[in-house]
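To start, the structure under review is shown below, and the notes come after it.
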Amino acid sequence: MTDKKHPAIFLDRDGVIIKEKEYQSDPDNIEFIAGSIEALQNLSRGHLTVVISNQSGIARGYFSQEDVVIFHQALDKILRQEGVKISAWYICPHGPDDACPCRKPRPGMILQAARELPIDLEASWIVGDKSSDIATGNASGLRTILVRTGYAGNEPGAKAVRPDYSVDNLLAAAEIINNVSSGLGR
């Protein structure tokens, strides 16, 4: 067993990888954002890729945790067919008023992943479409990228946070991450 740690890319699901659809749980309704599969193909070669997603639809009774597992299995199957390996999937099933330590903008899902996977947090990134994603990255010491897909940081109740980068989509985020990782950027 090795103690070698690897950089990770933490990704929000809805609005970053797939199109934002309120309280999405139907695997037959998956629509990828243009360029996201290509971006994931590029990122998963040199990084652990970890999806972290608030799923308050569970707490609200819109769908079950098992529905989310089935949705992620379907999404993962499509991605694997495209040569993408997601290292882990983490969700927070709680609502915004539950004060849960795993619900973004709190860093619980990232800290859990760092305990369970060989992650070098100092070399890791988070990519999201909401201010809560960026705040989670800031709380965890990650480099942050806000994508202008999904909510683009303008969700209801958005907090004033400053990402390290703001780009059009996950494909542009992957280019920045790969350039920085190879020494061509910041």
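The table for this structure:
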read-out: Mean Cβ neighbour count within 10 Å, used as a protection proxy, ranking 128-138, 37-47, 168-178, 22-32 highest first; value: 128-138, 168-178, 37-47, 22-32
read-out: For the range 22-32, 3J(HN,Hα) per residue [Karplus equation, 6.51 cos²θ - 1.76 cosθ + 1.60, θ = phi - 60°, Hz, x = Gly/Pro]; value: 3, 6, 7, 8, 8, x, 7, 10, 6, 10, 7
read-out: Qualifying lysines (Cα of each under 22 Å from Cα of residue 77; at least 8 residues distant if same chain); value: 19, 21, 85
read-out: Mean Kyte hydropathy of -1.0 or more with a Cα span along the axis of at least 20 Å, helices from DSSP in the chain; value: 65-81
read-out: Net charge of Cβ neighbours under 15 Å - reference residue 151; Lys, Arg +1; Asp, Glu -1; value: -1
read-out: Size-normalised alpha-carbon gyration radius of the range 69-139, reference 2.2 N^0.38 Å; value: 1.21
read-out: All aspartates and glutamates inside 19 Å of residue 4 as judged from Cα atoms, apart from same-chain residues fewer than 8 positions distant; value: 116, 120, 122
read-out: The range 30-119 - Rg and Dmax from Cα coordinates, angstrom; value: 14.0, 38
read-out: Dimensions (Å) - the range 8-181, Cα atoms, principal axes, largest first; value: 42, 36, 31
read-out: Over the chain, relative contact order from alpha-carbon pairs under 8 Å, at least 6 apart, %; value: 25
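We did not get these values from a lab; they are worked out from the coordinates using the rules stated. Predicted model only: the values in this text are computed from it and were never measured. Using ideal geometry, Cβ is built from the backbone for each residue, glycine included, and neighbour counts are taken over all protein chains shown.
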